[in-house]
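Heads up: the structure comes next, in structure tokens.
Every number here is computed from the coordinates shown, using simple stated rules; none is lab data. Values in this document were obtained by computation on a predicted structure and should not be read as measured data. Positions of Cβ are generated from backbone atoms using ideal geometry, with glycine treated the same way; all protein chains shown enter the neighbour counts.
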Amino acid sequence: MNQFDCLKEPNLEVYHGANAVQTDLLRKIVIFKDLSSKSLSIIEKRIQTLDLKKGERIINEAEAAKGVYFIYSGAVKLTKQDENGNEIIVCVKQKGDVFAEACLFTKRTEYYPATATMLQDGRVLFLDKLELERDLFNYPELSMQMISYMSDTLREMTSQLRDVALLDVYAKTVKTLERLGNKFNTGLNRWDIEIPLTIQEFATVVGTTRESVSRVFSKLKKDGIIDMKSRKIIIRDWCTLCTLLHKEY
């Protein structure tokens with residue numbers, strides 16, 4: 001389902017303009033939170049808001065890119081498929097994050113770089129590609145926020161690729177749990193941090209088989225560090241998890 005299909009869905013609440021999208025809502029998004037009121041008022045006039053259910057597909061990697069998305073609440077997985085239909089999760093986006101920003105400022109017809117699907121019920125904001133490019137050109141402070149966000153994302157992706165390529169299954173499973181735990185631990189909790197992924201989905205993030213991840217998870221579960229419940233991975237003891245690799249290496 002693409003953006004414009006979403007707008008036609010009767011079960012989705014869609015709002016347009018500043019009357020529906022308030023300043024405090026936009027402040028929840030990383031690249032908007034430090035903007036001046038003047039810059040934020042420009043964004044308010046252009047934003048569209050989609051209320052989406054778990055499992056709803058937002059964009060497909062095969063469709064022409066129309067704009068950029070910002071997560072106000074919920075979580076989104078970005079996936080790619082090979083020619084045989086096998087799916088891998090490229091990354092997981094949480095509230096405050098941006099996705100599909102790679103379509104900005106390209107000189108050719110650009111398609112979305114990945115398919116985006118809701119992992120949880122949530123609210124997603126949409127900005128038209130051409131309008132956002134114009135605003136980035138006209139408002140330097142917005143451009144700096146976007147560049148900073150994209151730089152952080154690139155750094156995170158580089159670290160993730162390093163782990164997949166160089167670490168063994170145990171180490172990269174634990175590192176991925178740490179990374180996703182940090183992402184979903186919005187309340188700075190030490191216990192019961194929920195990651196909304198199945199074991200199969202988690203295995204594609206790690207870059208290994210479900211069986212390999214299951215073996216590591218069995219050991220961590222036996223040690224009381226994690227648990228699996230209702231298609232979620234639950235980190236029971238965050239502090240112990242964060243010390244595991246220091247013990248092993």
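Odds and ends about this structure:
- Pairs from Lys93/Lys172; Lys77/Lys183; Lys172/Lys232; Lys33/Lys129; Lys93/Lys221 whose Cα-Cα separation, in the structure shown, is over 23 Å: Lys93/Lys221
- Taking label points 7 Å from Cα along the Cα-to-Cβ direction, Ser73 and Lys221 give a separation of 3.1 nm.
- Scalar couplings 3J(HN,Hα) for segment 174-188, obtained by applying the Karplus form with A = 6.51, B = -1.76, C = 1.60 to θ = phi - 60°, are 5, 4, 5, 4, 4, 5, 6, x, 4, 5, 9, 8, 5, x, 6 Hz; x denotes Gly and Pro.
- Helix 37-46 axis versus longest C-alpha principal axis of the chain: approximately 90°, rounded to the nearest ten.
- With contacts taken as Cα pairs under 8 Å at a separation of at least 6 residues, segment 145-249 carries a relative contact order of 28 percent.
- If the segment from Glu178 to Ile88 were pulled out straight at 0.36 nm per residue, it would be longer than the present Cα-Cα gap by 30.5 nm.
- Theoretical FRET efficiency, 1/(1+(r/R0)^6), r = Cβ-Cβ of Glu110 and Arg162, R0 41 Å, to 0.05: 0.90
- For segment 104-164, GluC sites (Glu not before Pro) are listed when DSSP marks them as loop and at most 14 other Cβ atoms sit within 10 Å of their Cβ; the list is empty.
- Share of pairwise Cα separations in the chain, more than 33 Å, in percent: 23 percent
- About its Cα centre, the dipole of segment 191-249 is roughly 180 debye, where the only charges are +1 on Lys and Arg Cβ and -1 on Asp and Glu Cβ.
- Normalising the average separation of contacting C-alpha pairs (under 8 angstrom, six or more residues apart) by the number of residues puts the relative contact order of segment 27-185 at 29 percent.
- Note on the chain: helix-only mean residue ellipticity at 222 nm, from DSSP H runs of 4+ residues weighted -39500 (n - 2.57) and normalised by residue number, equals -12500 deg cm²/dmol.
- On Cα atoms only, tilt of 129-138 relative to the major axis of the chain in degrees: 80 degrees
- Cα gyration tensor, segment 153-249 - rounded (a/c under 1.5), prolate or oblate: rounded
- Taking the convex hull of Cα positions in segment 111-165, its mean projected area over all directions (nm²): 5.6 nm²
- Per-peptide packing, taken as the mean over residues of other Cβ atoms within 10 Å, places 183-191, 145-153 in the sequence 145-153, 183-191 from highest down.
- Rounded to 0.05, the FRET efficiency of the Lys45 and Cys239 pair, given R0 = 51 Å and the Cβ-Cβ distance, is 0.65.
- Tilt relative to the chain, helix 238-248 - C-alpha long axis, 0 to 90 degrees, to 10: 60 degrees
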